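Novice: The structure's right below; bear with me while I get my questions together.
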Amino acid sequence: MAFGEQPAYLRVADDLRQQIADGTLPPHTRLPSQASIRAAYGVSDTVALEARKVLMAEGLVEGRSGSGTYVRERPVPRTITRSGYRTLNDCSPFRQEQADERVRGTWEAQSERGEAAPGIAERLGIEAGDPVMCTRYVFRIGTEAAMCSTSWEPLRITGRTPVMLPEQGPLAGRGVVERMAAIDVVVDNVAEEVEARPALAAEARVLGGLPGHPVLVVRRTYRAGCLPVETADVVVPADRFRVAYHLPVR
């Protein structure tokens, strides 16, 4: 194969993708059958099948049992705005995750004690297996799941304090900054890293997508000086939302 030449299944996928983009194959239209693709492009059944798989993995089409493969309606992405950590007296974890004050969201959460996996332990500066409080959140805009988040806090900091359980006690539902301030831990910086990857099956069930569809993962860590006090993975469906940052200039 010459340098730069694409495999046949990618060339077919490219052409079908362009037809979806320009409206030749509008949303809810049935994708040409495998036999039709084979005849139209002069390719084998294997090439036709692989081309359809590419479009499905990209989230452009979806299979319907007993009916065929159809072009998915592409939602217009909405913006989730982030602006660093939220200040004291910001009483909602949704406010902590969403800086746009026009958005009114709800959330649900569940906390349980656990042991830090090696990667989480490294982010928190503790030993693998050390006790942590793990809290899983689902944030909704109206009835739509907009993002989910898994948070870990080292129990050597919050254990046996009133803020050990983020959603219980006198500061239930408050953000990390305010909860830590209540136990004399002053959070003064936050770091975030953003990556894209396919959605895991459990994430797809919560967020309403399909396994393998792209999500944005924000890896966030709050610190008091150099001491990590909380780390979290915030997962956002990439086909429905974009993440924007509004950061102060110092």
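The values are calculated or read from the model by the stated rules, or taken from the named source; none is laboratory data. Bear in mind the structure is a predicted one, so any value in this text is a computation, not a measurement. Note: ideal-geometry Cβ built from the backbone for every residue, glycine included; neighbour counts use all protein chains shown. Side chains are part of the model used for accessible areas, which takes the heavy atoms of the whole protein and leaves out ligands, DNA and RNA. Shrake-Rupley method; radii C 1.70, N 1.55, O 1.52, S 1.80 Å.
Novice: Counting Lys +1, Arg +1, Asp -1, Glu -1, what net charge surrounds P154 among other residues with beta carbon under 9 Å of its beta carbon? Don't skip to the answer; put the middle values down first.
Specialist: Working: positive: R156; negative: D130, E153, E230.
So the environment of P154 carries a net charge of -2.
Novice: Expressed as a whole percentage, what fraction of the accessible surface of region 102-188 belongs to carbon and sulfur atoms when a 1.4 Å probe is rolled over the protein heavy atoms? Numbers along the way, then the final one.
Specialist: Values: 2210 of 4560 Å².
Exposed carbon and sulfur together represent 49 percent of the surface.
Novice: Further question on the same structure: Over region 8-71, what is the relative contact order in whole percent, taking alpha-carbon pairs under 8 Å and six or more residues apart?
Specialist: 41 percent
Novice: Also, quick follow-up: Could you sort S65, S149, S111 by accessible area so the largest value comes first, with the probe set to 1.4 Å?
Specialist: Values: S65 125, S149 5, S111 40 Å².
From most accessible down to least: S65, S111, S149.
Novice: Relative contact order of the chain, please, whole-number percent, based on alpha carbon pairs below 8 angstrom and at least 6 residues apart. Show your work: numbers first, answer last.
Specialist: Working: 457 pairs, mean separation 43.8, N = 250.
Rounded, it is 18 percent for the chain.
Novice: What does the accessible area per residue of the chain come to in Å², with a 1.4 Å probe and no ligands, DNA or RNA counted?
Specialist: Value for the chain: 53 Å² per residue.
Novice: If you rank C226, C134 by how much accessible surface each has, with a 1.4 Å probe, what is the order from largest down?
Specialist: Listed by decreasing accessible area, they come as C226, C134.
Novice: Considering only protein heavy atoms, with the full assembly of protein chains and a 1.4 angstrom probe, order R78, R72 by accessible area, largest first.
Specialist: Reading off the accessible areas and sorting them downward yields R78, R72.
Novice: Another question, if that's okay. For the chain, what does the helix formula give at 222 nm: sum of -39500 (n - 2.57) over DSSP H segments with n ≥ 4, over the residue count, nearest 500 deg cm²/dmol? Provide the component values of the computation, followed by the final result.
Specialist: Details: 8 runs with 64 residues, N = 250.
It lands at -7000 deg cm²/dmol.
Novice: Could you check how much of the accessible area of region 8-71 is carbon and sulfur, as a whole percent, using a 1.4 Å probe?
Specialist: The computed percentage sits at 53.
Novice: Any chance you could look up the accessible area of E203 with a 1.4 Å probe, heavy atoms only, rounded to 10 Å²?
Specialist: 20 Å²
Novice: Sticking with this one: For Cα extents along the principal axes in Å, several values are listed as [x] 43, 38, 30; [y] 71, 41, 39; [z] 50, 41, 34; flag the one computed from this structure.
Specialist: Here the calculated entry is [y].
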